[in-house]
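Student: The structure that follows is given in the form of structure tokens.
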């Protein structure tokens, strides 16, 4: 687990370390990268690394969580319009092609999907929009709905990434909303 403090120095260290790791992931799998390499490439000491995380995968989670949080903040939730919300999500991720490509190339999309579902399921704007659906389904089925809806969305992103972003965000939205 990574340090979740909002202190500027912690954020700086985690960003530097995760940037270094993602740079190294361009050419190698995470299992072929050492903490020493990540620290040397980022000019961050091993002591600082261990103060902020336990293992390299924590840096992946930090970057995934950061990107997911930014994608959630980029959405105009007040529109309550599914087309606008979903399209804006895919537009955000279109601008993160290299990030998604590394996740795909290094078989990290399942970790992304898992964290995306957890983060969005806890987002109050999402909960407000889906409240009527949850009321109709009942609370015991809420988790199933979230996994179906958001899991499908992240699976579309993974396929989109594997095909080098061959569709527009609007086309992805059309596919996604067809099954909603």
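Student: Counting just the residues of the range 2-14 that are in a helix (DSSP H, G or I) and within 18 Å of the chain's Cα centre (by Cα), which one comes out surrounded by the fewest Cβ atoms within 10 Å (Cβ to Cβ)? Before the answer, list the steps.
Tutor: Taking the range 2-14 first, the residues in a helix (DSSP H, G or I) are 8-14.
Next cut, within 18 Å of the chain's Cα centre (by Cα) only: 11, 14.
Numbers: 11: 15, 14: 24.
Among residues in the range 2-14 that are in a helix (DSSP H, G or I) and within 18 Å of the chain's Cα centre (by Cα), the one surrounded by the fewest Cβ atoms within 10 Å (Cβ to Cβ) is 11.
Student: In the range 130-168, how many are more than 16 Å from residue 116 (Cβ to Cβ) and crowded, with 16+ Cβ neighbours inside 10 Å? I'd like the intermediate steps shown before the answer.
Tutor: Taking the range 130-168 as the starting set, the residues that turn out to be more than 16 Å from residue 116 (Cβ to Cβ) are 131-142, 144, 162-168.
From what's left, crowded, with 16+ Cβ neighbours inside 10 Å: 142, 165, 167.
Result for the range 130-168: 3.
Student: Out of 74, 101, 121, 113, report the one residue that is out of contact with any strand residue (DSSP E or B) (no Cβ under 6 Å at 6 or more places or on another chain), under 30 Å from residue 16 (Cα atoms) and buried (at least 18 other Cβ atoms within 10 Å of the Cβ).
Tutor: Numbers: 74 fails: buried (at least 18 other Cβ atoms within 10 Å of the Cβ); 101 fails: buried (at least 18 other Cβ atoms within 10 Å of the Cβ); 121 fails: buried (at least 18 other Cβ atoms within 10 Å of the Cβ).
Selected residue: 113, the only one of 74, 101, 121, 113 that is out of contact with any strand residue (DSSP E or B) (no Cβ under 6 Å at 6 or more places or on another chain), under 30 Å from residue 16 (Cα atoms) and buried (at least 18 other Cβ atoms within 10 Å of the Cβ).
Student: So, in the range 105-162, how many residues would count as being under 18 Å from residue 80 (Cβ atoms) and in contact (Cβ under 8 Å) with a residue 40 or more places away in the chain?
Tutor: Looking only at that region, the number is 7.
Student: Which condition does residue 102 not pass, out of (1) modelled with pLDDT under 90; (2) in contact with a helix residue (DSSP H, G or I) (Cβ under 8 Å, 6 or more places away or on another chain), if it passes all the others?
Tutor: Answer for residue 102: the failing condition is (1).
Student: Quick one: count up the residues across the range 114-163 that are outside any helix (DSSP H, G or I) and over 18 Å from the mean Cα position of the chain (by Cα). Give the steps one after another, and end with the answer.
Tutor: Step one: list which residues in the range 114-163 are outside any helix (DSSP H, G or I), which gives 122-123, 138, 163.
Imposing the further condition that a residue be over 18 Å from the mean Cα position of the chain (by Cα) reduces the set to 138, 163.
The qualifying residues number 2.
Student: Quick one: which of 26, 59, 21, 17 is in contact with a helix residue (DSSP H, G or I) (Cβ under 9 Å, 6 or more places away or on another chain) and surrounded by fewer than 16 Cβ atoms within 10 Å (Cβ to Cβ)? If you could, list the steps in order and put the result at the bottom.
Tutor: Details: 59 fails: surrounded by fewer than 16 Cβ atoms within 10 Å (Cβ to Cβ); 21 fails: surrounded by fewer than 16 Cβ atoms within 10 Å (Cβ to Cβ); 17 fails: surrounded by fewer than 16 Cβ atoms within 10 Å (Cβ to Cβ).
Residue meeting the stated conditions: 26.
Student: Tell me, yes or no, whether the range 70-90 has at least one residue that is part of a loop (DSSP other than H, G, I, E, B) and more than 22 Å from residue 122 (Cα to Cα).
Tutor: no
Student: Take the range 169-180 and flag every residue that is in contact (Cβ under 8 Å) with a residue 60 or more places away in the chain and surrounded by 12 or more Cβ atoms within 10 Å (Cβ to Cβ). Break it down stepwise before answering.
Tutor: We begin by selecting, within the range 169-180, every residue in contact (Cβ under 8 Å) with a residue 60 or more places away in the chain; these are 169-170, 172-173, 176-177, 180.
Within the range 169-180, 169, 170, 172, 173, 176, 177 meet the criteria.
Student: So, one more: Across the range 29-41, what is the number of residues that are farther than 14 Å from residue 103 by Cβ and either assigned by TED's automatic domain parsing to the domain that holds residue 98 or loosely packed, with under 14 Cβ neighbours inside 10 Å (or both)?
Tutor: Of the residues in the range 29-41, the ones farther than 14 Å from residue 103 by Cβ are 31-41.
Cutting the leftovers down to either assigned by TED's automatic domain parsing to the domain that holds residue 98 or loosely packed, with under 14 Cβ neighbours inside 10 Å (or both) gives us 31-32, 34, 36, 40.
Adding up the residues that qualify gives 5.
The values are calculated or read from the model by the stated rules, or taken from the named source; none is laboratory data. Since we're looking at a predicted model, the values are computed, not measured. Quick reminder, even Gly has a Cβ in these numbers, built from the backbone with ideal geometry, and neighbours come from all protein chains shown.
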